[in-house]
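No value in this document is a laboratory result; all are computed from the given coordinates. Here the structure is a predicted model, which is why all the values come from computation and not from measurement. Heads up, the Cβs are rebuilt from the backbone with ideal geometry, glycines too, and the neighbour counts pull from every protein chain shown.
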There are 2 protein chains.
Amino acid sequence: MDTSTVLGYAAAFFSTVSFVPQVIKTLRTKDTSGISLLMYSVFTAGVALWLIFGVMTSNMPVTIANVIVLILASMVLVMKIRYK
Amino acid sequence: MDTSTVLGYAAAFFSTVSFVPQVIKTLRTKDTSGISLLMYSVFTAGVALWLIFGVMTSNMPVTIANVIVLILASMVLVMKIRYK
């Protein structure tokens, strides 16, 4: 694997798992006042489009990363709507 | 432009601009209690790696999108550290 491929996988890994602590924090505290509803609405839509793009272009890393982010970002979005 | 390219650009657009309302909200309210410091630390690191990946692979859409997200996510991260 060349350097750019390793970097790409590392980038995908960090930007994907980063949502885990936000989900855990929001599940625990139910504190969503500082979280932007518009951000998570638009972001979740963007991630859904990335997922369709990944499937259409048979790009497995993009598909897998965006399935995970879609689940995590949707959880934050649902909690934002529910706990306000 | 084929459908997948249009989808890719739309996905990049939505996932990038989504951070704008979060930055505006946090600038206005200074309310960062519900925002995960760990999320924004790891996410910003991931976006920085995406940016290096974009530059190394001469991928202009990835580079541009991640420059913008890096600026916006860094602003949220700095406000999270400052306003806690």
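The table for this structure:
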{"item": "10 Å Cβ neighbours from other chains, averaged over peptide B:51-63", "result": "3"}
{"item": "Span-like helix ranges in chain B, DSSP H, alpha carbon extent 27 angstrom or more, Kyte mean at least 1.6", "result": "B:37-56, B:60-82"}
{"item": "Euclidean distance between Cα centres, the range B:46-84 to the range B:1-20, Å", "result": "16"}
{"item": "Shielding of A:23-36 by partner chains, average beta-carbon count, 10 Å", "result": "5"}
{"item": "For q = 0.10, 0.11 Å⁻¹, Debye-computed log10 I/I(0) when each Cα of the protein assembly as shown counts as one equal scatterer", "result": "-0.35, -0.42"}
{"item": "Length gained when the stretch residue B:83-residue B:20 is fully extended (0.36 nm per residue, less Cα-Cα span)", "result": "20.8 nm"}
{"item": "Projected-area average for chain B over all orientations - Cα convex hull basis, square nanometres", "result": "5.8"}
{"item": "Test item: Cα-centred dipole of chain A, Lys/Arg +1 and Asp/Glu -1 on Cβ, debye", "result": "500"}
{"item": "Shortest-first nm distances, residue B:61 label point to equivalent points in other copies (7 Å, Cα→Cβ)", "result": "1.6"}
{"item": "Residue closest to axis [chain B; rotation mapping onto A; Cβ; Å]", "result": "B:34, 2"}
